[in-house]
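J.: I'd like to ask some things about the structure below.
FYI, it's all coordinate maths here, none of it is from the lab. It should be emphasised that the depicted structure is a prediction, and the values quoted were computed from it without experimental measurement. Glycine gets a Cβ as well: all are built from the backbone with ideal geometry, and neighbour counts include every protein chain shown.
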Amino acid sequence: MAELIEAIEQQTVKDTPPEVRRSRSGFWFGLIILLVIAVVTGAGYYFLSQLRDKQEGLGGEVKGAVSQQISDYQSQLAAIQSQLAAVQTEVGNKELHFTNSVTEFSKLHGEKLDTTRKELSEEIQKLQRQLGKTRGDWLLADAEYLLSVANQRLLLMGDVNTTKEALEAADQRLRESGDAAAYKVREQLAKDIAAISRVNAADVVGIYSTLQMLETQIDSLTLLLPYAGKDETIKPVAPDVKKEPKDLMGQLETMVTIRHVQQHVNEILTPEQAQFIREQLRVKLEIITVALVQQNDLLYQASLSDAQKWLLQNFAKEKEADRFAASLDKIAEVRIRSQFPDISLSLKMLRDITKLRIETDKAFSSPAKSAPVAVETTPSAQQ
């Protein structure tokens with residue numbers, strides 16, 4: 001711009017005379033100053049506008065960044081508030097759960113205390129009743145225990161003798177109690193004792209002893225079939241040739257056994273087979289013993305029949321085998337499980353002694369029903 005103005009001025013200077021040149025130079029100088037001022041003013045306005053636009057853009061960016069940060073802060077604040085709400089909800093739930101747990105524990109503890117207090121009160125009342133019992137009450141309680149034992153021994157073990165002794169002891173306790181209400185119980189006890197006396201009880205101890213004795217005789221039985229091997233308990237002695245022929249024959253008879261059998265021998269047993277046959281018979285006797293102890297008459301009879309068949313099939317018919325079979329036949333005739341009578345009625349009547357006492361009091365209070373007083377002297381009541 002300056003170069004253009006300068007070129008114009010030089011051309012103008014060359015074309016104009018000196019006077020006009022001086023006047024015009026002042027004009028152009030002023031005009032240039034005005035142009036410079038206008039240019040400076042325009043440039044300043046332009047730069048001012050650019051600066052203002054930059055300020056506005058910068059302000060918008062700052063405002064956008066600030067708005068973004070504010071939005072982020074608001075999002076974080078909302079997340080924190082939601083977390084705080086969740087924590088408050090969880091704390092509330094835990095507090096409610098803790099409150100419910102404490103309430104349930106208190107309720108359960110209270111129920112346990114009430115139950116314990118009730119049980120303790122019942123035990124104290126029982127103890128007081130026990131301490132307040134008379135000798136007659138103790139005798140009645142003892143009689144009830146004896147009747148319970150009698151029923152258990154009869155039904156579970158079939159022990160007739162012990163059952164009878166327990167019934168007689170209970171009757172003795174009732175007689176010593178002097179309670180008039182026990183008369184009907186003693187009357188029923190007399191019937192139970194008579195029924196038990198008619199039962200034919202099996203001699204379990206005797207049968208058990210017989211089975212044990214038979215078990216020891218198994219090794220002495222002779223097998224029906226011959227078997228290889230010799231008994232280790234027999235020690236052979238070399239015959240003395242210097243002795244007489246009669247003595248020599250006697251020694252040979254102790255070493256050699258000649259046995260006649262009526263059936264054909266198809267095989268010779270090994271020592272293991274011979275031992276197995278004897279052990280099988282021993283096992284069958286053990287099964288009979290178990291059935292005897294368990295009072296299982298069906299198994300007892302079946303096992304005896306099985307043992308008799310095994311003896312007949314595998315052992316020779318000699319004196320020892322015949323005695324063995326006779327012992328089995330003898331114990332097979334016994335029925336170890338009899339039809340036992342029902343003796344539980346006397347126990348039920350004794351447990352309901354209060355009802356009998358009420359009935360007895362009514363009988364004594366009515367003159368028309370005073371007959372049981374005279375019956376007290378009957379022989380059945382004096383047992």
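J.: Need one number: convex hull volume per residue for the stretch 145-230, Cα atoms only, in Å³.
T.: In the stretch 145-230, the Cα hull volume divided by residue count equals 125 Å³.
J.: I need Met349, Met213 ordered by Cβ neighbour count within 10 Å, fewest first.
T.: Met213, Met349
J.: Hey, could you get me the Stokes-Einstein D for the stretch 37-190, Kirkwood radius over alpha-carbon pairs, 20 °C and 1.002 mPa s, rounded to whole µm² s⁻¹?
T.: Diffusion coefficient, whole number: 82 µm²/s.
J.: For each of Arg282, Arg153, count neighbouring Cβ atoms within 10 Å of the residue's Cβ, then give the residues from fewest to most.
T.: Ordered from fewest to most neighbouring Cβ atoms within 10 Å, Arg282, Arg153 come out as Arg282, Arg153.
J.: With just the Cα atoms defining each centre, how far is the stretch 288-345 from the stretch 196-217? Give it in Å.
T.: 10 Å
J.: Filter the GluC sites (Glu not before Pro) in the stretch 313-351 to those in DSSP coil with at most 10 other Cβ atoms within 10 Å of their Cβ, and list the result.
T.: Counting only loop positions with at most 10 other Cβ atoms within 10 Å, the GluC sites (Glu not before Pro) in the stretch 313-351 are Glu333.
J.: Just want the ordering: Leu350, Leu146, from fewest to most Cβ atoms lying within 10 Å of their own Cβ.
T.: Lowest to highest Cβ neighbour count: Leu146, Leu350.
J.: Remind me, relative contact order of the stretch 269-351 in percent, using alpha carbon pairs under 8 angstrom and six or more residues apart?
T.: Dividing the mean separation by the residue count of the stretch 269-351 yields 28 percent.
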